[in-house]
Structure formats: C-alpha cells, structure tokens
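Please read the structure below before turning to the comments.
The values are calculated or read from the model by the stated rules, or taken from the named source; none is laboratory data. Nothing here was measured: the structure is a model prediction, and the numbers come from that model. Virtual Cβ from ideal backbone geometry, glycine too; neighbours counted across all protein chains shown.
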Number of protein chains: 2
Amino acid sequence: MTETARTPAPTPQVTPEHRELLDQVLDKWSLQILDVLCESPRRFNELRRAIPAVTQKSLTSALRRLERNGMVDRVIVSTRPVAVEYRIAALGTTLQDLIDALLSWSATNLAAVNDARERFDDQADSGGTPP
Amino acid sequence: MTETARTPAPTPQVTPEHRELLDQVLDKWSLQILDVLCESPRRFNELRRAIPAVTQKSLTSALRRLERNGMVDRVIVSTRPVAVEYRIAALGTTLQDLIDALLSWSATNLAAVNDARERFDDQADSGGTPP
DNA sequence: CGGGATCCTGCACGATACTG
DNA sequence: CAGTATCGTGCAGGATCCCG
C-alpha cells in the first residue's frame with residue numbers, strides 16, 4: 001500500500017466473470033423480464049403477453065438463466081392444471097434501480113442517439129467513394 | 001385522461017427502439033470499451049491490449065456502432081503512419097455513471113450469484129429422474 | 001499502426017409440434 | 001397452462017490474410 005491508492009475507481013478490474021454475469025443479466029430479454037417482474041409477479045403466459053416480441057423458447061431459457069443466477073424465483077402456485085409464478089428474487093431487487101436507470105436513460109437519450117445516427121449515416125454515403 | 005394516470009412509473013413503456021438502443025450499448029464489448037474510454041482516450045491497439053479477449057473485428061464493429069450512436073468520437077490525430085484516437089463523446093459521458101454502477105453491481109454480487117448458481121445446479125441433477 | 005475483406009463456426013433465436 | 005423436444009437459420013463473432 002505504499003502506492004497512493006487514491007484512484008476513485010470503484011471498478012478494480014473487469015474480469016471475464018463480471019462480463020459474463022452482466023451479459024446474462026443484461027441480455028436481449030432479461031432486462032424487460034426483470035422490469036415487469038419488478039412490477040409484480042407474473043405467470044408464464046402473462047410474461048409472454050407483457051413482452052409480445054419474445055418467443056416461448058427465448059422466454060423459457062431467459063427465465064431459467066435468471067432463476068439460475070438467483071434473480072427470479074419460480075414458484076409453483078397450484079397443482080391443478082399447473083400454475084407457475086415467477087417473481088423477482090432478493091438478488092433481483094438489487095438490480096431494480098439499475099434497470100430503472102437504464103430504461104430511463106434510454107428514454108432520455110433515444111432522440112439524441114437517433115440524431116447522431118442520422119448524422120453518421122448521412123456523412124457515410126456522401127463523402128465515400130465517388131466514381 | 002379520465003383514467004387515473006397516477007402510475008409513478010418513470011418508464012412508461014419499453015418500445016423496441018429502447019431495447020435496441022440498450023442492446024447496442026450494453027452488448028458484449030461496448031460496456032468495457034466505454035469503461036476504458038471513460039478513463040482516457042485510447043488508440044485502436046491500446047484498446048485491444050486493454051481488452052485482450054476482444055478480436056479486431058469485434059472491436060472494429062463495436063467501435064463503429066458506438067460511434068454511430070454518438071457514444072464515442074473517432075479522431076484522426078496524425079496522418080503519418082496513421083494514428084486514430086477514440087474518445088468518449090458527450091452522449092457517452094451520460095452513460096458513465098450507469099456503467100460504473102453496473103460494474104460495481106457485478107463486483108458486489110458476483111459471489112452471491114455464483115452461490116445461487118451452485119445451488120441451482122445441485123438441485124438440478126439430484127431431484128431429477130432416478131432410474 | 002489501423003483497419004477492410006473473407007471465410008467459417010457456433011449458438012441464440014424463431015417456428016412448429018407434442019406432452020402432462 | 002406451462003413448458004419440453006426438434007428442427008432450421010441468421011448473424012454475431014473468431015481466425016486469417018492483406019492493404020494504405
């Protein structure tokens with residue numbers, strides 16, 4: 001500790017494990033799944049309806065991964081025609097604020113990003129290779 | 001507006017566009033790229049060294065996407081043997097806090113997640129289908 | 001040094017059908 | 001209803017070569 005450890009960096013280093021974890025939590029559907037589950041517990045088909053673009057397979061695999069990572073709990077409610085409820089787990093709630101922040105960030109900056117995209121695409125096919 | 005619009009939800013709805021944007025910013029490499037670029041501007045091969053696992057192609061495409069989305073600026077420094085510098089753009093800095101939060105979240109919860117994974121995997125092959 | 005062009009591969013994701 | 005099983009596919013991503 002002779003070195004001045006004054007680096008304010010709260011992120012010492014990003015190991016592959018960290019990346020993997022974030023990948024599994026921030027993947028294509030997990031963010032939305034966690035978002036709606038934060039709102040209230042849902043059943044399988046309720047989730048499908050809440051996220052129309054997701055297919056059954058993707059939803060299943062995403063849910064299982066989230067369950068494996070301790071982000072959601074899979075609760076069998078009844079045993080009659082089978083009823084399963086997915087609810088946010090303790091670990092999942094630690095992500096809630098991040099998710100909200102992420103979603104509101106995207107809402108806030110979507111316009112600016114679209115603007116940047118247009119500028120980029122414009123100058124792309126203009127100053128390119130004139131015959 | 002006869003309906004009580006008192007939902008405190010800061011995220012009205014997640015449109016596909018929002019998802020797409022987050023996907024492009026939180027994808028496999030962008031998070032790390034933005035993270036190291038937040039620290040200081042880097043050249044192409046400096047980035048490769050900073051993120052050893054990334055290949056040239058992935059880095060190139062990620063950088064171009066980030067550039068297109070206005071997250072990073074691509075600056076030609078010299079013209080001799082060609083020198084290019086990537087630096088975080090204005091839009092990119094709006095993400096900095098989120099990125100830090102995400103990375104520190106993963107650092108904080110990695111152990112708990114690994115624990116949850118073990119439990120999940122254990123009960124998976126134990127209570128399964130005994131012959 | 002900073003990439004573009006190509007080829008190849010895996011696997012993420014979708015569509016469809018079937019089960020308890 | 002809540003999935004599992006199977007098949008098919010696109011495309012992200014790796015490896016390699018090459019160029020200004």
So the check is Cβ under 6 Å with 6+ separation or different chains; which pairs have a first residue in the stretch A:48-64 that's within 11 Å of A:I33 (Cβ to Cβ) and a second one that's surrounded by 14 or more Cβ atoms within 10 Å (Cβ to Cβ) and among the hydroxyl-bearing types (S, T, Y)? A:A62/A:S30
Please find, within the stretch B:54-80, the residue that is farthest from DNA strand D (Cβ to nearest atom) out of those that are outside any helix (DSSP H, G or I) and within 15 Å of the chain's Cα centre (by Cα). B:G70
Give the residue that is nearest to A:A111 (Cα to Cα), with candidates limited to residues of the stretch B:19-47 that are within 11 Å of DNA strand C (Cβ to nearest atom) and touching a residue at least 12 places away in the same chain (Cβ under 8 Å). B:D27
So which of A:A124, A:A90 ends up being surrounded by fewer than 18 Cβ atoms within 10 Å (Cβ to Cβ) and within 14 Å of DNA strand C (Cβ to nearest atom)? A:A124
Hey, A:Y86 hits all of (1) within 20 Å of B:L95 (Cβ to Cβ); (2) outside any helix (DSSP H, G or I); (3) in contact with a strand residue (DSSP E or B) (Cβ under 9 Å, 6 or more places away or on another chain) but one; which does it fall short on? (1)
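For every residue, the table says whether it meets (1) within 9 Å of chain A (Cβ to nearest Cβ); (2) farther than 20 Å from A:F120 by Cα.
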{"position": "B:I51", "(1), (2)": "yes, yes"}
{"position": "B:L66", "(1), (2)": "no, no"}
{"position": "B:M71", "(1), (2)": "yes, no"}
{"position": "B:R80", "(1), (2)": "no, yes"}
{"position": "B:Q96", "(1), (2)": "no, yes"}
{"position": "B:S104", "(1), (2)": "yes, yes"}
{"position": "B:E118", "(1), (2)": "no, yes"}
B:S106, sole failed condition from (1) under 23 Å from A:H18 (Cβ atoms); (2) at pLDDT 95 or above; (3) assigned to a helix (DSSP H, G or I): (2)
